[in-house]
Amino acid sequence: MSSTPPTPRTPAVHRLPLAGVLRLNKPSDVWLKPATSVVVATAIPNMALLALGRLDLAMYTMAGSLCALYGHNLPYAARARALAWVVAGMLASITVALVSASLTSSAAVLVAIGALLAAVQKTLCDATRIGPPGPLIFTFISSATLFAPQTLGQVPGHLALTLAAGAVSWIVGMAPAVVRPHGPERRATARALNAAAAYVERPEHA
């Protein structure tokens, strides 16, 4: 019989379940479009507020301006509808947040309302598949405005600012249709062709 001791087995190394969550994804090929759109959509109302000496109201216009981040992967007819719904969703979220802030100063109550809003926003964004950036912007803005000092009399004016900035976002998002009405379809076709070419050129494994 051999007296050689058995070789100890190396324990299997399991990857952490968070590895996939923390991995950076490849940036979208249209990342520049939402970035540029939100800069323009933010600049227009904020320059108007600056001219009026009321930059303290920029929080409410920013809520509408950030709607310009959505819909850039959609054809223009679908984008028009999606942006309208995004602006409506943002306005509804801000309405709940501002009215809540004007009625109570209890941090516990406001946190609970914020959690409910975030759950509803996540559910609706998942159901409609709107995004990126999905519910992140809605949750960030509504959570911030929940703790902004308000009175009920101020709410309509602040909502009007959000709606006006949202209208600017809709116009900015739809403006490229004047120059390239079929741009999104062409980008989608190009992505499909590139994916097919990469699949065909992929080396086969035995």
So which residues in region 103-133 are open to solvent by less than 30 Å² (accessible area, probe 1.4 Å) and touching a residue at least 40 places away in the same chain (Cβ under 8 Å), if there are any at all? Gly131
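Taking the criterion of being part of a loop (DSSP other than H, G, I, E, B), in contact (Cβ under 8 Å) with a residue 40 or more places away in the chain and closer than 19 Å to Ala175 by Cβ, would at least one residue in region 75-85 satisfy it?
Checked region 75-85: at least one residue is part of a loop (DSSP other than H, G, I, E, B), in contact (Cβ under 8 Å) with a residue 40 or more places away in the chain and closer than 19 Å to Ala175 by Cβ.
Kindly indicate the residue of region 80-118 that is within 16 Å of His158 (Cα to Cα) and among the polar types (S, T, N, Q) and also farthest from the chain's Cα centre (by Cα) among those meeting that condition.
Residues of region 80-118 within 16 Å of His158 (Cα to Cα): 87-103.
Restricting the remaining residues to those that are among the polar types (S, T, N, Q) gives 93, 95, 100, 102.
Values: Ser93: 14, Thr95: 19, Ser100: 23, Ser102: 26 Å.
Within region 80-118, the match that is farthest from the chain's Cα centre (by Cα) is Ser102.
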Inside region 83-99, the number of residues satisfying the requirement of being open to solvent by less than 20 Å² (accessible area, probe 1.4 Å) and farther than 14 Å from Ala160 by Cα is 3
Would you mind stating whether Ala88 is without any contact (Cβ under 8 Å) to a residue 12 or more places away in the chain and among the small types (Gly, Ala, Ser)? yes
I'm told Ile44 meets every condition in (1) farther than 13 Å from Gly166 by Cα; (2) assigned to a helix (DSSP H, G or I); (3) modelled with pLDDT of 60 or more; (4) of a type outside the set (Phe, Trp, Tyr) except one. Can you identify the failing condition by its number? (1)
Within region 71-79, identify whether any single residue is crowded, with 16+ Cβ neighbours inside 10 Å and closer than 23 Å to Leu152 by Cα, and answer yes or no. no
Please indicate, with yes or no, whether at least one residue in region 9-31 is within 17 Å of the chain's Cα centre (by Cα) and modelled with pLDDT of 55 or more. yes
Region 119-155, subset small (Gly, Ala, Ser) and under 18 Å from Arg81 (Cα atoms), residue farthest from the chain's Cα centre (by Cα): Ala127
Taking region 146-169 and keeping residues assigned to a helix (DSSP H, G or I) and over 12 Å from Leu91 (Cα atoms) leaves Leu152, Gly153, Gln154, Gly157, Val168, Ser169
Count of residues meeting criterion [under 29 Å from Arg79 (Cα atoms), touching a helix residue (DSSP H, G or I) at 6+ places or on another chain (Cβ under 7 Å) and among the aromatic types (Phe, Trp, Tyr)] in region 108-151: 1
Being open to solvent by less than 50 Å² (accessible area, probe 1.4 Å) and of a type outside the set (Gly, Ala, Ser) narrows it down to one of Leu159, Leu163, Leu136, so name that one. Leu159
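The values are calculated or read from the model by the stated rules, or taken from the named source; none is laboratory data. From a predicted model like this one, the values you see are computed outputs, not experimental measurements. Methodologically, a virtual Cβ is constructed for each residue, glycine included, from the backbone with ideal geometry; neighbour enumeration extends over all protein chains shown. Note: accessible area is taken over every heavy atom of the protein model, side chains too, but ligands, DNA and RNA are not part of it. Shrake-Rupley method; radii C 1.70, N 1.55, O 1.52, S 1.80 Å.
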